[in-house]
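Everything on this sheet refers to the single structure shown next.
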Amino acid sequence: MKHQKIGYARVSTADQNLERQLDMLRQQGAEIVFQEKMTGARRDRPELNRMLSHLAPGDTVIVESLSRLGRSTKDLMELVELMEKKEVQLVSLKEQIDTGTPTGRLLFTLMSALAQFERDVIAERTREGLRAARARGRKGGRPRCDQRKLRQALKLYETGQHTVTEIEELTGIKKATLYRYLSKGQSSP
């Protein structure tokens, strides 16, 4: 069976252009290119899923950048592990990583570990900041909403005579707060 070079190109919005990525992938010999216009934050992307189901042992997936494949380190690691199980290598042009080589696998692992370390440090700083704020008597979190205004907003919503935007303007209760109470099936706070 012939091993294929398979490209994957993605942009985040419909008004962005894929041409630059497509040109790069074709220059690298991609025979098939799966392409889509949607956020990389979603793991469930139709063309990504089609590509993954198309892969066969010995194939190579080529991307312009790791950010085109996934936004989170966790997703990238899962995708690379899946490709390894399928005996498929990944080549990222921007980062110059080729998981088909020992050096490429090492670089990918190191980059992933550093990204995870950075997220952990940020989370720890956030926890420390919250502890320090609590020690100074600050609570944090969402401000309590006026229960009287919330009841009024819910009553206005139940009448069906006002849009949610109008209810927000009339009561000062934010749309998200109103929707949160409505989704919980709470007609009164």
query = How much length is gained if the chain between E158 and A135 is pulled fully straight, taking 0.36 nm per residue apart and subtracting their Cα-Cα distance, in nm to one decimal?
reply = 4.1 nm
task = Could you tell me how many degrees, from 0 to 90 and to the nearest 10, lie between the Cα long axis of helix 73-85 and the main elongation axis, the longest principal axis, of the Cα atoms of the chain?
result = 40
ask   = When the Kirkwood hydrodynamic radius is evaluated over all pairs of different C-alpha atoms of the stretch 5-111, what value in angstrom, to one decimal, is obtained?
value = 13.7
request  = Would you list which aspartates and glutamates come within 20 Å of K86, measuring only between C-alpha atoms, while excluding same-chain residues fewer than 8 positions from it?
outcome  = E31, D44, E47, D59, D75, E78, D98
Reachable lysines, given that their alpha-carbon falls under 30 Å from the alpha-carbon of K184 and they are not under 8 places away in the same chain = K139, K149, K155, K174, K175
key: Radius ratio Rg over Rh of the stretch 63-104, counting only Cα atoms, Kirkwood formula for Rh   = 0.93
ask   = Once all Cα-Cα distances of the stretch 21-72 are split into 10 Å bins that start at 0, what whole-number percent is in each one?
value = 22, 58, 20
message = Need the full-extension length gain, A115 to S53, defined as separation in residues times 0.36 nm minus the C-alpha distance. One decimal, nm.
response = 19.5 nm
inquiry  = Taking every alpha carbon pair in the chain, what does the distance histogram look like in 5 angstrom bins from 0, in percent?
reply    = 1, 7, 12, 13, 10, 8, 8, 9, 9, 9, 7, 5, 2, 0, 0
request  = Rounded to whole Hz and in sequence order, give me ³J(HN,Hα) for the stretch 50-61 from the Karplus expression 6.51 cos²θ - 1.76 cosθ + 1.60, θ = phi - 60°, writing x for Gly and Pro.
outcome  = 4, 4, 4, 6, 7, 5, 10, x, x, 6, 10, 9
message = To the nearest 20 Debye, how big is the dipole of the stretch 1-56 about its Cα centre, given +1 on the beta carbon of each Lys and Arg and -1 on that of each Asp and Glu?
response = 180
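We did not get these values from a lab; they are worked out from the coordinates using the rules stated. Computed from a prediction, not measured in an experiment: that's the story for all the values here. Here the Cβ is made from the backbone with ideal geometry for all residues, glycine too, and neighbour counts use every protein chain on show.
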